[in-house]
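The values are calculated or read from the model by the stated rules, or taken from the named source; none is laboratory data. Values in this document were obtained by computation on a predicted structure and should not be read as measured data. Heads up, the Cβs are rebuilt from the backbone with ideal geometry, glycines too, and the neighbour counts pull from every protein chain shown.
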Amino acid sequence: MDHTSPTYMLANLTHLHSEQLLQGLNLLRQHHELCDIILRVGDVKIHAHKVVLASVSPYFKAMFTGNLSEKENSEVEFQCIDETALQAIVEYAYTGTVFISQDTVESLLPAANLLQIKLVLKECCAFLESQLDPGNCIGISRFAETYGCRDLYLAATKYICQNFEAVCQTEEFFELTHADLDEIVSNDCLNVATEETVFYALESWIKYDVQERQKYLARLLNSVRLPLLSVK
């Protein structure tokens, strides 16, 4: 034997081992083998393993290791999570992949937020940011604010300001509250060719429900740089 050769080897099989482990656990889940928890949404039952769920979700970890009654239960009912979203979250826990689309993101993001699954939440926000257009940016901004997605909220707000001339023609614009509208038109980053654009946008918003909104006219006009308006 050549005594200059190493007498041992540490084989780094981390990637293959991780993949094999996940595949094995997922097969066990799919065949309902060694599962110790059932997540129920309505009539739908989702079998899983507590240790897998707890490893990806601080919410589940607290549920299964804390002093909550669910710690000893073999079945937990969810009433505030969409069934399809919860199934997608469980799939993610076992596969590391999650399907996000315009049809699923509005239920998936709140579920990921509640269950504190940051990677899925981040991907949902990135997807919504990629979908921004004049007709949905206000709605996405509100959605982001509701669930505390600050980066998405800032991106949506920036989009609104940069594309204000198109945004103010959309249905979402006319559904803004006076406070939200005031915040937008007073933003220093508002991108408009002339101040008339802002003035006519405010006028259109008020006319949309003149009885209710005319009382906000004076306050909103404070955000218009009146000296820059053309005299007509």
Having 1 or more residues that are more than 30 Å from LEU115 (Cβ to Cβ) is the bar; report the helices (runs of 4 or more DSSP H) wholly within the range 129-206 that clear it.
150-162, 164-167, 171-174, 178-185
Filter the range 59-111 for residues that are assigned to a loop (DSSP other than H, G, I, E, B) and among the polar types (S, T, N, Q); which is nearest to VAL44 (Cα to Cα)?
GLN79
LYS45 passes all but one of the listed conditions (1) under 29 Å from PHE127 (Cα atoms); (2) modelled with pLDDT of 95 or more; (3) in contact with a helix residue (DSSP H, G or I) (Cβ under 8 Å, 6 or more places away or on another chain); the exception is number (3)
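For every residue, the table says whether it meets (1) in contact with a strand residue (DSSP E or B) (Cβ under 9 Å, 6 or more places away or on another chain); (2) in the same structural domain as PHE60 (by TED's automatic domain parsing); (3) modelled with pLDDT of 95 or more.
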{"residue": "SER101", "(1), (2), (3)": "no, yes, yes"}
{"residue": "THR170", "(1), (2), (3)": "no, no, yes"}
{"residue": "CYS189", "(1), (2), (3)": "no, no, no"}
{"residue": "THR194", "(1), (2), (3)": "no, no, no"}
{"residue": "THR197", "(1), (2), (3)": "no, no, no"}
Report the residue count in the range 128-138 for those that are buried (at least 16 other Cβ atoms within 10 Å of the Cβ) and either in contact with a strand residue (DSSP E or B) (Cβ under 6 Å, 6 or more places away or on another chain) or farther than 13 Å from VAL105 by Cα (or both).
5
Within the range 21-34, identify whether any single residue is without any contact (Cβ under 8 Å) to a residue 24 or more places away in the chain and either in contact with a Gly (Cβ under 8 Å, 6 or more places away or on another chain) or closer than 16 Å to LEU114 by Cβ (or both), and answer yes or no.
no
Could you tell me how many of the residues in the range 170-196 are closer than 18 Å to GLY135 by Cβ and surrounded by 13 or more Cβ atoms within 10 Å (Cβ to Cβ)?
10
Quick test of your reading of the structure: ARG150 fulfils all but one of (1) farther than 29 Å from TYR200 by Cα; (2) surrounded by fewer than 16 Cβ atoms within 10 Å (Cβ to Cβ); (3) in contact (Cβ under 8 Å) with a residue 12 or more places away in the chain. Name the failing condition by number.
(3)
